[in-house]
1. Among (1) within 14 Å of chain A (Cβ to nearest Cβ); (2) away from ligand 2 (no atom under 16 Å from the Cβ); (3) of a type outside the set (A, V, I, L, M, F, W, C), there is one condition C:PRO82 misses while meeting the rest; what is its number?
2. Any residue that is more than 14 Å from every other protein chain (Cβ to nearest Cβ), modelled with pLDDT of 90 or more and either away from ligand 1 (no atom under 16 Å from the Cβ) or within 24 Å of A:GLY67 (Cβ to Cβ) (or both) - is there at least one of those in the stretch A:166-178?
3. Look through C:ASP51, C:ASP13, C:ASP18, C:ASP34 and report the one residue that is of a type in the set (Asp, Glu) and closer than 16 Å to C:GLY81 by Cβ.
4. With B:ALA150, B:ALA136, B:ALA160 as the choices, which residue is surrounded by fewer than 18 Cβ atoms within 10 Å (Cβ to Cβ) and in contact with an Asp or Glu (Cβ under 8 Å, 6 or more places away or on another chain)?
5. Residue check: is A:LEU112 more than 14 Å from every other protein chain (Cβ to nearest Cβ), of a type in the set (A, V, I, L, M, F, W, C) and touching a strand residue (DSSP E or B) at 6+ places or on another chain (Cβ under 9 Å)?
6. Does any residue of the stretch A:236-244 turn out to be crowded, with 17+ Cβ neighbours inside 10 Å, modelled with pLDDT under 90, closer than 27 Å to A:GLU404 by Cα and of a type in the set (D, E, K, R)?
7. Could you please let me know if C:THR15 is within 26 Å of B:LEU29 (Cα to Cα), of a type in the set (Ser, Thr, Tyr), within 11 Å of chain A (Cβ to nearest Cβ) and buried (at least 16 other Cβ atoms within 10 Å of the Cβ)?
Amino acid sequence: MSAAIATEPLAGAPSGRPAGSRLFAAGAAAGHAAHLAAYGPVPRHGRDWSLAQELEASGLTGRGGAGFSAWRKFAAVDRARRPARYAGRAGRSVLIANGAEGEPLSFKDATLLHNAPHLVIDGLLAAAEALGAGSLFIYAGAARLPALAAALAERSDARHIALLEAPDAFVAGQSSAVVSFLETGRALPRDVAGRLADGGFQGRPTLVHNVETWAHIALVARYGAGWFRAEGTAEDPGTRLVSVTGDVPSEVVLEVPGGSRLDGVLASAGVAGDAVSAVLVGGYHGRWVRPSGVVLGGGGVPGGGPESGSVRPGAGVVHVLARGRCGLAATARMVEYLAGQSARQCGPCMFGLPALAGAMERLAAGRGGPELVREVGRLSGLVAGRGACHHPDGTVQLVGSALETFADDVRWHLAGQCQETGGAL
Amino acid sequence: MDDALWAFARVSGLVDMVLLTGSVLLGILTRSGRPLPALPRVSLMLLHRNISLLAVVFLVFHVAPLLLDAYARVNLVDVVVPFLGSYKAFWQGLGTVALDLMAAVVATGLLRHRLGRRTFRAVHWLSYAMWPLALAHSVGNGTDATSAPAVAAAVVLCVAVLAAAAWRVSAGFLETADARRGGARRDWGRP
Amino acid sequence: MSVAGPAARLHIDWTMCDGRGLCTELLPEALTRDDWGYPLAAPGRVRARADASNVPLTGAELGAAVDAVKLCPLLALRITGP
Ligand code: SF4
Ligand code: SF4
């Protein structure tokens, strides 16, 4: 996929505060000089300023998929690193920028790392200073590493940041997988009884954020929470990157304000509203929705399902299915892929996902009656919540949203018809 | 007196061989995940554990008299370090190796919650080496091992363990094997 | 399940469990088995998705749960707070 930026890089923002694109203000493939010219140096803050407070006030949420409050994760590590009275020494904290981007439909992290690596580095450094962190890592696919190494070499303050080559696997980006990759060299998610903040890498307090989250942290550290909230809505402040893919004129990464209308995002990507059947928001672990009237809501919106008019952006994927295409067939292919991506550690995931994929495949092929729909529901119940990572849950969400959104197609298929072929299956 | 000790050691050794065999067979059965008609999985697991512990007790009964017996000339070092003994050093050495392995298997079994699964499993596999060593030792060392009943007993134990081992490596060994190969849906019912 | 909420929870580490079915024998009210033999929280026990891996237990089941933790051949079980 090509790494296109649709947002206009802003030429020389006078105040040093970019007004257009926030994350790509330094232009394409920005070096350190261009980065400093666009964003200015990191200001020296007074004693009463704290990054934790700014993050809390900013309302920034994780941009990797789970959409958890960035401040809460930060505060948990902050708490864990201070030796409790009776606890042993926790060890110095570990910060990891996660750019593994295992989601096949997403390429916004690659785009960000290619064009604005210095924002990610700045974010890590700002947090390292606030947390007294011991080890800093950037974890990304092999293709990203040379440019990242060059960016690190360009500046004297980032020599201690280490690069890690992420394996090319769907679950390699799960944060517990990142930590086990550091420890064992294998990116397998592990059973998480506690939080990584209380004991991740070598039992040290560990903060794993998506690379885009780190870039936003860099900007909050520079310009503060008020500036961050100037874009987006009260519930979903700031901007986010979305990868627009599927039946689109060209696949692009867009930077959009929180709470953007989905049809507006599609229009920016050059997609005509009446050409769209449905949109998969959030990627293979996301949800299918009909775009009209739906808002890309914040990660924190409770139960942010389409019924509330807002859908969680997850990993920031907006995948378009053109009118006339079969959503069930598309979903069946995705579930097949997801079943193949199980790390095969957890029984219900290892056996349940292939069974679910098989049932979806039969449904898409129109082989079976109404009992097939019940079977999909039953199998979904058997895998949901029963894995060490969210892979089964994400898959169940995809399947559930497909059955809802494509309810008409389900009826057609059970009758042996398909909209895509316009006739018999 | 020495004769009594000698006889006691031999009988304990024979009983221990039977217990060890029972423990290995039960171990394989628990590994398959299958219950017996009258014995649920939990009981099989407890039986496996308790028979193994009983085997340790009988091993003590087997070895202690030899230490006390002047004629056998076995000392503490011979009990743990193989192939030093003065009487049938090779066959006795096999017994010593089996004893060491058994100690390791039992100790890691009891401490598995502390040691973690990897260590426990790796050491537990040694049971498959321990059993043939113990049998070879009892046949090779036994004073009347060539008598017809002794040979018959050894053959019966061998056949039992070999059959269990063959079952262990067969495709349908696990209770869940069929269901996991995509066989017909199975209703496990109330356990 | 008592109205006051669970007394404790049984956490299942899916990366360890091999569905040998000892825990399901010991806790027949709380656990059944799924299609592949893995322990499955009884229908009434799962209110939130996380309950599927952290099965709520009544006070009366605690003893059996402790036995299950001790006997699980794969060390896949742990008792956690409510
Ligand atoms: S839930 Fe699936 S993908 Fe996640 S760790 Fe377990 S087996 Fe792997
Ligand atoms: S006893 Fe352990 S291995 Fe067996 S089903 Fe229960 S948790 Fe899984």
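The values are calculated or read from the model by the stated rules, or taken from the named source; none is laboratory data. All of these numbers come straight from a predicted model, not from anything done at the bench. With ideal geometry, Cβ positions are generated from the backbone for all residues, glycine too; neighbour counts draw on all protein chains shown.
1. Condition (1) is where C:PRO82 drops out.
2. There is at least one residue in the stretch A:166-178 that is more than 14 Å from every other protein chain (Cβ to nearest Cβ), modelled with pLDDT of 90 or more and either away from ligand 1 (no atom under 16 Å from the Cβ) or within 24 Å of A:GLY67 (Cβ to Cβ) (or both).
3. Working: C:ASP13 fails: closer than 16 Å to C:GLY81 by Cβ; C:ASP18 fails: closer than 16 Å to C:GLY81 by Cβ; C:ASP34 fails: closer than 16 Å to C:GLY81 by Cβ.
None of the other options fit; the residue is C:ASP51.
4. Working: B:ALA136 fails: in contact with an Asp or Glu (Cβ under 8 Å, 6 or more places away or on another chain); B:ALA160 fails: in contact with an Asp or Glu (Cβ under 8 Å, 6 or more places away or on another chain).
Residue meeting the stated conditions: B:ALA150.
5. Working: more than 14 Å from every other protein chain (Cβ to nearest Cβ): yes; of a type in the set (A, V, I, L, M, F, W, C): yes; touching a strand residue (DSSP E or B) at 6+ places or on another chain (Cβ under 9 Å): yes.
Criteria met by A:LEU112.
6. Yes, the stretch A:236-244 contains a residue that is crowded, with 17+ Cβ neighbours inside 10 Å, modelled with pLDDT under 90, closer than 27 Å to A:GLU404 by Cα and of a type in the set (D, E, K, R).
7. Numbers: within 26 Å of B:LEU29 (Cα to Cα): yes; of a type in the set (Ser, Thr, Tyr): yes; within 11 Å of chain A (Cβ to nearest Cβ): yes; buried (at least 16 other Cβ atoms within 10 Å of the Cβ): yes.
So C:THR15 fits the description; yes.
So that you can scan it fast, the table gives a plain yes or no per residue for (1) within 14 Å of another protein chain (Cβ to nearest Cβ); (2) in contact (Cβ under 8 Å) with a residue 24 or more places away in the chain:
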| residue | (1), (2) |
| --- | --- |
| B:ASP100 | no, no |
| B:ALA104 | no, no |
| B:LEU111 | yes, no |
| B:LEU126 | no, yes |
| B:ALA136 | no, yes |
| B:GLY140 | no, yes |
| B:THR146 | no, no |
